[in-house]
């Protein structure tokens, strides 16, 4: 059985899992080890069952569990060279590591992985497409923007985890300091609901069946607003697609592939 499931998504921590046969690939580890293990138990797994831990970038909400988590699993850490340079000194000695450059493709067991660079403000930041054909899942968070190259890499993915981080007006009128507002709204920040909606339409037109809206800001977004913005755009374009929100602090429903 192949499935993709979100374990946590938001500024407090991000973590997802892709399971294909004997390959149990954790993507990001931004919650503590106990939380991750508790979530995996609900899927009849544990951290000791993980085969790989795939990291998008070095920000704490994506890697904070690693120093402890890697002591409880034999999983191989897989990340870009620049990401490892940023986090490696905090990790246990002797951890198996597989490095890559964003844009490269490789295999994790029998699972193919395509990578793409993102413009988020972390060196070596990237996203992933795991699997092939009907088993293909794309992880697209902390994008900053959606380039043509990224879209061509993820198009046709059966399920896409796509950030819908903020409502631009809420950011502009909110309490964040001006430099932080400009960072969020820039190409090195996050996708807005409206940008995510435009991407969603194109994804639906290219074959995506399930969309998971991720990394919603607790301060500058509302779940219903994010969902309505995307669903309304899909309806106006006549595109049918299953759309769900990735929960902030609990596992989502597994998407079977």
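Numbers below:
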quantity: Residue order, fewest to most beta carbons within 10 Å, for 3, 16; calculated: 3, 16
quantity: For peptides 126-138, 36-48, 18-30, 155-167, sequence by mean Cβ density within 10 Å, most packed first; calculated: 155-167, 18-30, 126-138, 36-48
quantity: Neighbour-count ranking [beta-carbon atoms within 10 angstrom, fewest first] of 145, 175, 73, 51; calculated: 175, 145, 51, 73
quantity: Theoretical ellipticity at 222 nm over the chain - DSSP helices of four or more residues, -39500 (n - 2.57) apiece, nearest 500; calculated: -7500 deg cm²/dmol
quantity: Nearest 10 degrees, 0 to 90: helix 193-205 Cα axis against the chain principal axis; calculated: 80 degrees
quantity: Difference of contour (0.36 nm per residue) and Cα-Cα distance, residue 186 to residue 256; calculated: 21.8 nm
quantity: In degrees, nearest ten, helix 223-237 long axis to first principal axis of the chain (Cα); calculated: 70 degrees
quantity: FRET efficiency, 1/(1 + (r/R0)^6) with R0 22 Å, evaluated for residue 42 and residue 132 via beta carbons; calculated: 0.20
quantity: Alpha-carbon centroid distance for the pair region 170-239 / region 9-54, whole angstrom; calculated: 25 Å
quantity: Relative contact order of region 2-250, pairs being alpha-carbon contacts under 8 Å that are 6 or more residues apart, as %; calculated: 16 percent
quantity: FRET efficiency for residue 225 and residue 121, using Cβ-Cβ distance with R0 set to 22 Å, rounded to 0.05; calculated: 0.30
quantity: Inter-probe distance in nm under a simple model that places probes 7 Å from Cα toward Cβ, at residue 145 and residue 110; calculated: 4.1 nm
quantity: Contour minus Cα-Cα distance for residue 89 and residue 239 (0.36 nm per residue); calculated: 49.3 nm
quantity: Computed E for residue 194/residue 34 - FRET, C-beta separation, R0 41 angstrom, nearest 0.05; calculated: 0.65
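Values in this text are rule-based calculations from the coordinates and carry no lab data. Here the structure is a predicted model, which is why all the values come from computation and not from measurement. FYI the Cβ positions are ideal-geometry reconstructions off the backbone, even for glycines, and counts take in every protein chain you see.
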